[in-house]
Amino acid sequence: MMAIELQSVTKTYPGSTDPAVKSVSLAVEKGALVTLLGPSGSGKTTLLRLIAGFERAGAGEILLAGKRVSGAGSWVPPEKRGVGMVFQDYALFPHLTVARNVGFGYREPDKQARIREVLELVDLVGYEGRYPHELSGGQQQRVALARALARRPVVVLLDEPFSNLDAALRVHMRLELKRILKNAGATAVLVSHDQADALAISDRIAVLKDGALQQVGSPREIYRFPENRFVATFVGQSVLLEGVVGADAKSVTTDLGTFGCSPHHAFRAGDDVYACIRPEGLEVVAEGAFQGIITGLTYSGRSLDAVIEVQTNSARHALPVQLPPGAEVQTGQRVGLRVAPDAVVLVRDL
Ligand code: ADP
């Protein structure tokens, strides 16, 4: 049984003509960690709030643990849905201690034991008597998470969990959050506009644009095989070359040349497509298939990220190329380029 099932869920806010969420269907397995990823205004928060029951869908159905909570004449209010919510600003009660924040609204006889259990889970034993202002941002977030988990929710919903954390803490909290949610056996849906957060933490990513689902897949699938131009450019860097599919859909011809690609069922010979190449799929070599001029270099420690301009008969391309950190190259230098085997993926327009 799925923990969450959305079936053609649509939401249009009053006074608006365009739906904020357009016919979204999505199933989340029990125990999975799914990220709703998209730019600002793509409908992520609305979708999260529809699952929580803070908004009502205009059409479609929502099932939680197999039970219909919205649609087809059903409506279950938020507090009866078994949903634990972690808000972007954590929404802790400033005048309550950590223990009382975590236990708030929990009325079972095992209250004290449960508070201790979830504080152990989030590694905050010893902090029971502290107040929120006596905690770091990361600790406050863990209190909010402990409060959400205390009631053993069917699903935990997290709105932009990393947005209030600085860069170093962010990387640490990604791992922490994943560890805590997995140890709790929780099913979680989180909202993010940051592709690095989404790739790092998720079992699956659901990419949204203008309220519509673009692609759902594991981080690897989304990065390696983006289905359309939007996903290819929103998640990771890429160059997209207009092309035509060759025989057996095993090659694509662009103005930079013809490249082999793995057969792709969605395309047939002669189709107009885009050839997507990631920065690590391009190699600087002495005798390349084509040549370009380095116009930008950014050192990241782990790599040297170059922009290489290639002029063809019909266009000028700025290719993002990932070089080894020690590569001896300079801006303005002319270099040969080669496309690595299996680096080209066929992508739809939209
Ligand atoms: P995201 O979380 O991806 O930034 P939202 O779900 O907040 O996107 O917003 C999706 C769309 O719905 C946007 O166009 C936004 O302006 C609109 N919207 C969000 N909340 C409301 C609201 N309460 N009333 C009217 N329009 C809203």
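The values are calculated or read from the model by the stated rules, or taken from the named source; none is laboratory data. Values in this document were obtained by computation on a predicted structure and should not be read as measured data. When we count neighbours, we look across all protein chains shown, and the Cβ atoms used for this are built from the backbone with ideal geometry, even at glycine. Note: areas computed on protein heavy atoms with side chains; ligands, DNA, RNA excluded. Shrake-Rupley method; radii C 1.70, N 1.55, O 1.52, S 1.80 Å.
Here's the picture: charge each Lys and Arg Cβ at +1 and each Asp and Glu Cβ at -1 in the chain, and of Gly38, Ala186, Val9 the one pushed furthest to the positive end of that dipole is Ala186. Ligands, DNA and RNA left out, the accessible area of segment 237-347 computed with a 1.4 Å probe is 47% carbon and sulfur. Of all stretches in the chain that contain no GluC sites (Glu not before Pro) in a DSSP loop with at most 12 other Cβ atoms within 10 Å, the longest one is 1-286. The HN-Hα couplings worked out from phi for segment 161-174 by the Karplus form 6.51 cos²θ - 1.76 cosθ + 1.60 (θ = phi - 60°) are x, 9, 5, 9, 10, 6, 3, 5, 5, 4, 5, 5, 5, 4 Hz, whole numbers, x standing for Gly and Pro. Which of the residue pairs Lys30/Lys80; Lys11/Lys209; Lys30/Lys67; Lys44/Lys178; Lys30/Lys111 have a Cα-Cα distance greater than 23 Å in the structure shown? Too far apart for the 23 Å limit: Lys30/Lys111. Here the spin labels are modelled as points 7 Å beyond Cα on the Cα-Cβ line, and at Ile293 and Ala340 they lie 2.8 nm apart.
Summed over the residues of the chain and divided among them, the accessible surface reaches 48 Å² per residue at a probe radius of 1.4 Å. In plain terms, the chain from Arg107 to Ala318 could stretch by 69.9 nm, reckoned as 0.36 nm per residue minus the Cα-Cα distance. Of the accessible area of segment 32-107, computed with a 1.4 Å probe over protein heavy atoms only, carbon and sulfur atoms account for 52 percent.
Think of it as helices only: each DSSP H run of n ≥ 4 in the chain is worth -39500 (n - 2.57), and spread over all residues that comes to -6500 deg cm²/dmol at 222 nm. Of all beta bridges that DSSP places with both ends in the chain, some 75 percent have antiparallel geometry. Taken one residue at a time, the phi angles of segment 4-16 give Karplus couplings (6.51, -1.76, 1.60, θ = phi - 60°) of 9, 10, 10, 10, 6, 7, 10, 9, 10, 6, x, x, 10 Hz. Gly and Pro are set to x. Applying 0.36 nm per residue to the separation of Glu221 and Ser262 and subtracting their alpha-carbon distance, the gain on full extension is 13.3 nm. Remark: the chain carries a charge dipole of roughly 1300 debye about the Cα centre, counting +1 on each Lys and Arg Cβ and -1 on each Asp and Glu Cβ.
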